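Below is one structure, written out as structure tokens; comments come after it.
The values are calculated or read from the model by the stated rules, or taken from the named source; none is laboratory data. Computed from a predicted structure; not experimentally measured. Every residue, glycine among them, receives a Cβ derived from its backbone with ideal geometry; neighbour counts consider all protein chains shown. Surface areas here come from the heavy atoms of the whole protein model, side chains and all, with no ligands, DNA or RNA. Shrake-Rupley method; radii C 1.70, N 1.55, O 1.52, S 1.80 Å.
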Amino acid sequence: RFIAFATYRDDAVELRLLDLATGDSRPVTSNGAVNVEPRWSRDGGRIAFVSTSYEGRFHVFVAEIRDGAAGEIRRLTEDRDSGLPRYYYGPFDHYLSPTWSPDGGEIILVSNRGRIWGTGGFWRLKARPGAPMREIHHEETTWKARPDWSPDGRRVVYSSYAGRQWHQLWLMTGEGGNVFPLTYGEFDATAARWSVRCSQSPIL
């Protein structure tokens, strides 16, 4: 019934909901910050997204959605000064590209927590404010990863240029571990998304 999208308005990037029946749109955010990467939970009741609304740093938030209207918005990720002498990103950790577990109870995201170089790695946490995070896979090349958790909960597809010139699609389990390349070529392959129903794969 609804599509969540980002739009540039009034010198900010805000999230809105488009009602497909009426063509009307209504705000999810109106905080004057940068709000991007909206991802629906599979039950349609929440949207995870990335925002700079807290201290101007990239954090993951969750908005409750009821009857096509946004309700409470909560920040999930911790504002943390790493103390690391990072050249590009500064000492505070950042959090990007959330993807929901099939049951809506957990999120995998990309963060540079504990890393000086690169965007960081994949971290898994419960979908509640202040939940502890655990790193399940590390790569310095994940700034364009945009992971997607499979509907069966077993696998995560993402994009990386690890060891190559071009971004390609890779597969790992929901617990991380060794990864498997899915595509090869002299082109970028990014932003992969699972179908609603996915077949069982002999891979992993």
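Take the residues in the range 135-151 that are closer than 20 Å to Gly105 by Cα and assigned to a loop (DSSP other than H, G, I, E, B); name whichever of them is most open to solvent (accessible area, probe 1.4 Å). Going through the qualifying residues, I end up with Arg146. Can you spot a residue in the range 111-118 that is modelled with pLDDT of 95 or more and either hydrophobic (A, V, I, L, M, F, W, C) or more than 20 Å from Arg146 (Cβ to Cβ) (or both)? Scanning the range 111-118 turns up no residue that is modelled with pLDDT of 95 or more and either hydrophobic (A, V, I, L, M, F, W, C) or more than 20 Å from Arg146 (Cβ to Cβ) (or both).
Residue-by-condition table, conditions (1) within 14 Å of Thr99 (Cβ to Cβ); (2) under 15 Å from the mean Cα position of the chain (by Cα); (3) open to solvent by 20 Å² or more (accessible area, probe 1.4 Å):
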residue: Gly153; (1), (2), (3): yes, no, yes
residue: His167; (1), (2), (3): no, no, no
residue: Gly177; (1), (2), (3): no, no, yes
residue: Leu182; (1), (2), (3): no, no, yes
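Applying the condition of being open to solvent by 50 Å² or more (accessible area, probe 1.4 Å) and in contact (Cβ under 8 Å) with a residue 24 or more places away in the chain to the range 118-134 and asking which residue is nearest to Asp79 (Cα to Cα) yields Gly130.
The number of residues in the range 47-73 that are farther than 17 Å from Ala6 by Cβ, open to solvent by less than 70 Å² (accessible area, probe 1.4 Å), touching a residue at least 24 places away in the same chain (Cβ under 8 Å) and assigned to a strand (DSSP E or B) comes to 2.
Summed over the range 81-114, residues that are open to solvent by 40 Å² or more (accessible area, probe 1.4 Å) and either touching a residue at least 40 places away in the same chain (Cβ under 8 Å) or in contact with a strand residue (DSSP E or B) (Cβ under 7 Å, 6 or more places away or on another chain) (or both) total 5. When residues in the range 15-31 are screened for being over 20 Å from Thr77 (Cβ atoms), surrounded by 14 or more Cβ atoms within 10 Å (Cβ to Cβ) and out of contact with any Lys or Arg (no Cβ under 7 Å at 6 or more places or on another chain), 2 of them pass.
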